[in-house]
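Chemist: Sharing a structure with you now.
The values are calculated or read from the model by the stated rules, or taken from the named source; none is laboratory data. None of these values were measured; they are calculated from a predicted model. Quick reminder, even Gly has a Cβ in these numbers, built from the backbone with ideal geometry, and neighbours come from all protein chains shown.
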């Protein structure tokens, strides 16, 4: 039930961009939920296996 905020491409000067551009390719930065949001944390805890698989599958693609 969490909102899908989609995929965003990050440039060198964008927040989090340095960690992506300074390292060796390929690289991804994920933020599947907001840790400060109790409801989203509970949803992630309840579905952690599915969340881990989705991150793994996305990184493999």
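Chemist: Please go through the stretch 8-24 and give me each residue that is in contact with a helix residue (DSSP H, G or I) (Cβ under 9 Å, 6 or more places away or on another chain), surrounded by fewer than 11 Cβ atoms within 10 Å (Cβ to Cβ) and closer than 19 Å to residue 59 by Cα, ordered by number.
Modeler: Once the filter is applied, which keeps residues that are in contact with a helix residue (DSSP H, G or I) (Cβ under 9 Å, 6 or more places away or on another chain), surrounded by fewer than 11 Cβ atoms within 10 Å (Cβ to Cβ) and closer than 19 Å to residue 59 by Cα, the stretch 8-24 yields only 11.
Chemist: Would you mind finding the one in 44, 27 that is touching a helix residue (DSSP H, G or I) at 6+ places or on another chain (Cβ under 7 Å), surrounded by 10 or more Cβ atoms within 10 Å (Cβ to Cβ) and modelled with pLDDT of 85 or more? Give the derivation first.
Modeler: Values: 27 fails: modelled with pLDDT of 85 or more.
Of 44, 27, the one residue that is touching a helix residue (DSSP H, G or I) at 6+ places or on another chain (Cβ under 7 Å), surrounded by 10 or more Cβ atoms within 10 Å (Cβ to Cβ) and modelled with pLDDT of 85 or more is 44.
Chemist: Restricting the first residue to the stretch 1-23 and requiring it to be in contact (Cβ under 8 Å) with a residue 40 or more places away in the chain, which pairs with a second residue that is surrounded by 10 or more Cβ atoms within 10 Å (Cβ to Cβ) and not in a helix (DSSP H, G or I) meet a Cβ separation below 8 Å and a spacing of at least six or different chains?
Modeler: Listed pairs, sorted by first residue: 2/33.
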